[in-house]
Amino acid sequence: MNKTLGIRTGGRSARVQAAVHRAVRELLDEQPREALTVPQISQRAGVTPSTLYRRWGDLATLLGDVALEQMHPDALPEDTGSLRGDLLAWAQDYLDEVGSPLGRDLLRDVVSSQANDCPQRCAALLTQRLDRLLARAKRRGETPPAIEALVDAVVAPLVYRILFDPNPPTPEQIEYWLDACLAQAPRRRRRKSMTPAS
């Protein structure tokens, strides 16, 4: 069953979501995720299993929703004085957080969720943070790359290595991806400016 998850902002629905999310986190602290069941969660949260199925559809979607909540960004990395430094700090923080065993499980929960918008919401959280770093760079007078270029050149290989490679990317690899992306940014802008108007 496909579900489209929305953020519940108040009332009983929000209280139920908070109780269920808390129950999932507590149970995952106590036992392997493979042992987790809907009846366990509903009993711990004080709701009926039918409430969980109505709201989330299945266990994978519920776990993806909980993972998204835990992946909400906190503060940006400290201003290093350059976009390159800021992005390297962000990438290292992301690798430390999502590249941990818990982080990999959270990312896999998001990817395996049956909710129509779960992966899109995860991508939106990530691009929102990158957007803020690029805006900071512009305020310093820097010329940042397009966010799509940054996602393709840095985020995509980073997430791929986290999910599928037993060896996480090294700081040197991240620097290589980022430097290649930043080096291309001025060229893209020059090509665009040289394109004749139609």
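No lab work stands behind these numbers, since they all come straight from the coordinates. Being a predicted model, the structure only gives us computed values, none of them experimental. Glycine gets a Cβ as well: all are built from the backbone with ideal geometry, and neighbour counts include every protein chain shown.
Would you mind putting 80-93, 126-139 in packing order, based on average other-beta-carbon counts within 10 Å, highest first? Mind dumping the intermediate values first?
Working: 80-93: 17.4, 126-139: 15.3.
Highest mean packing first, the order is 80-93, 126-139.
Could you point to the residue in VAL159, LEU125, THR143 farthest towards the positive end of segment 122-169's charge dipole, with +1 and -1 charges on the Cβ of Lys/Arg and Asp/Glu respectively? Among VAL159, LEU125, THR143, the one farthest towards the positive end of the dipole of segment 122-169 is THR143. Evaluate the Debye formula for segment 130-169 with equal point scatterers sitting on the alpha carbons, no solvent, and hand back log10 of I(q)/I(0) at q = 0.17, 0.29 Å⁻¹, in q order, two decimals. For segment 130-169 at q = 0.17, 0.29 Å⁻¹, log10 I(q)/I(0) is -0.54, -0.89.
If you average 1/r over all unlike Cα pairs in segment 11-56 and invert the result, what Kirkwood radius do you get in angstrom?
Result for segment 11-56, one decimal place: 10.6 Å.
Looking at the P(r) of segment 83-186, how many percent of alpha-carbon pairs lie beyond 20 Å? So the pairs more than 20 Å apart make up 39 percent of the total in segment 83-186. A Cβ-based charge dipole, computed about the Cα centre of segment 39-150 with Lys and Arg at +1 and Asp and Glu at -1, lands at about 220 debye.
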